[in-house]
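Take a look at the structure below.
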Amino acid sequence: MRQASGEIQISTHGKGLIDVTRPLHAWLNEKKVQEGVLTVFIRHSSASLTIQENADPDVQLDLADYFERIAPESWELYRHNSEGLDDMPAHIRSSLTDVSLTIPVLDGRMRLGTWQGVYVFEHRASPHIRKLALNFMGE
Amino acid sequence: MRQASGEIQISTHGKGLIDVTRPLHAWLNEKKVQEGVLTVFIRHSSASLTIQENADPDVQLDLADYFERIAPESWELYRHNSEGLDDMPAHIRSSLTDVSLTIPVLDGRMRLGTWQGVYVFEHRASPHIRKLALNFMGE
Amino acid sequence: MRQASGEIQISTHGKGLIDVTRPLHAWLNEKKVQEGVLTVFIRHSSASLTIQENADPDVQLDLADYFERIAPESWELYRHNSEGLDDMPAHIRSSLTDVSLTIPVLDGRMRLGTWQGVYVFEHRASPHIRKLALNFMGE
């Protein structure tokens, strides 16, 4: 049993989902892992993680639209608006999705389903560099 | 320190919650574990995981109703409708609940609270076989 | 590679978020850990966990308000009301946030972002003692 710690940085382009499955697999390959668990942790509270269908890009657009509706931008709804109209909805959307994911690994690959991809979900309107803290534990 | 990897399959019967606490404990017993962490990962994006009260079955019905209201079926709301009226709401409901759970284990048992059960939450209208990837790490 | 298991108890004061970052760091210090993963699991289904911005207390108030709106108290909406008006919304809000968090650790500290804090989110109206099951795995 051993572990590896690391960090990858993801450039986002305003609101929306970015597929990070490939950079995560690249990191696992570099660490020459076989079997274990990958922990992915996003070090921000206005962007989050989610695992979603990767076949039809419309799913990602519909998902982004849904969170616009359910946690809308508004000057009236929130006290916290000093960082912009999009900041408090970003915190809410983060709390509704994931800050950490734990993904079993076998034969050096995440055991994702056929149609699953791992995404960073950017909730701010402007581009950001998002840091993902990684830990692999296993063999 | 050692680990065990595995998979269990759960048959669902259309929308609703299915208690999987017993098959998870059966898997842990089989692996003769004592102390550590169980990772449960669902390899699908239209069914998810949740931990909820297991005492009153009404809680599970109310929870299912809630997600019907908050992410309704609709031909107008979503672009992605080629897989049926229930597919895009299934993806949304999955993103709002859990794709992975990490549960501490002690004395060979998950350290659940008195009233907690682990559930697969089926979001599609028709029955499915759902695969749960498992990893135990510890002693 | 080694592990440590434990439990901390948090006193809540009715609905709202309580910062538990310091008691978690205190537990890690006590266990003299360096590098690995901390699993935090809440053993209740009417309180939950979340990681959020810790700079502006308004964020936590806005977040609590949001969940009041999205999963309101109501005698009409739910079957399960024998435990009080606030109980079923508490279960729903728990399912929308987190029951378990996995947080990478380096140099003995959780690898949180600059503005991230770990919170217990109490969803019941009255004070409770909430048990967090902890597991650290690593070195």
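The values are calculated or read from the model by the stated rules, or taken from the named source; none is laboratory data. As the structure is a computational prediction, the values presented were derived from the model and not from experiment. FYI the Cβ positions are ideal-geometry reconstructions off the backbone, even for glycines, and counts take in every protein chain you see. When the accessible area is computed, the model is the full protein with side chains, heavy atoms only, and any ligands, DNA or RNA have been set aside. Shrake-Rupley method; radii C 1.70, N 1.55, O 1.52, S 1.80 Å.
Can you say whether B:Asn135 is over 11 Å from the mean Cα position of the chain (by Cα), of a type outside the set (Ser, Thr, Tyr), in a loop (DSSP other than H, G, I, E, B) and within 14 Å of chain A (Cβ to nearest Cβ), as far as the supplied structure shows? In short, no.
Within segment A:27-50, restricting attention to residues that are outside any loop (DSSP other than H, G, I, E, B) and open to solvent by 10 Å² or more (accessible area, probe 1.4 Å), the residue that is farthest from B:Leu96 (Cα to Cα) is A:Glu30. Residues in segment A:51-67 that are of a type in the set (A, V, I, L, M, F, W, C), farther than 14 Å from A:Leu96 by Cβ and surrounded by fewer than 19 Cβ atoms within 10 Å (Cβ to Cβ): A:Ala55, A:Leu61.
Conditions (1) over 22 Å from A:His128 (Cα atoms); (2) among the charged types (D, E, K, R); (3) modelled with pLDDT under 95, marked per residue:
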site	(1), (2), (3)
A:Lys32	yes, yes, no
A:Ser48	no, no, no
A:Glu53	yes, yes, no
A:Gln60	no, no, no
A:Glu73	no, yes, no
A:Leu77	yes, no, no
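Looking only at residues that are within 9 Å of chain C (Cβ to nearest Cβ) and crowded, with 22+ Cβ neighbours inside 10 Å in segment B:98-109, which one is nearest to A:Arg111 (Cα to Cα)? In this case the residue turns out to be B:Ser100. Within segment B:51-67, the residues that satisfy the criterion of being at the interface with chain C (Cβ under 7 Å from one of its Cβ atoms), touching a helix residue (DSSP H, G or I) at 6+ places or on another chain (Cβ under 7 Å), assigned to a helix (DSSP H, G or I) and of a type outside the set (Asp, Glu) are B:Val59, B:Leu63, B:Tyr66. Only one entry in B:Ser95, B:Ser82, B:Ser126 is within 13 Å of chain C (Cβ to nearest Cβ) and either at pLDDT 95 or above or in a loop (DSSP other than H, G, I, E, B) (or both), namely B:Ser95. Filter segment B:73-91 for residues that are over 15 Å from the mean Cα position of the chain (by Cα) and open to solvent by less than 10 Å² (accessible area, probe 1.4 Å) and give the result. If the condition is that a residue be over 15 Å from the mean Cα position of the chain (by Cα) and open to solvent by less than 10 Å² (accessible area, probe 1.4 Å), then B:His80, B:Asp87, B:Met88, B:Pro89 are the ones that fit.
Right, A:Val20: of a type outside the set (D, E, K, R) and under 11 Å from the mean Cα position of the chain (by Cα) or not? For A:Val20, the condition - of a type outside the set (D, E, K, R) and under 11 Å from the mean Cα position of the chain (by Cα) - is met. Kindly evaluate B:Ile70 against the criterion of being open to solvent by less than 10 Å² (accessible area, probe 1.4 Å) and within 14 Å of chain A (Cβ to nearest Cβ). No; evaluated as a whole, the condition is false for this residue. When the criteria are applied in full, A:Gly113 meets the requirement of being part of a loop (DSSP other than H, G, I, E, B), closer than 19 Å to B:Ser100 by Cβ and either out of contact with any Cys (no Cβ under 9 Å at 6 or more places or on another chain) or facing chain B (nearest Cβ under 9 Å) (or both).
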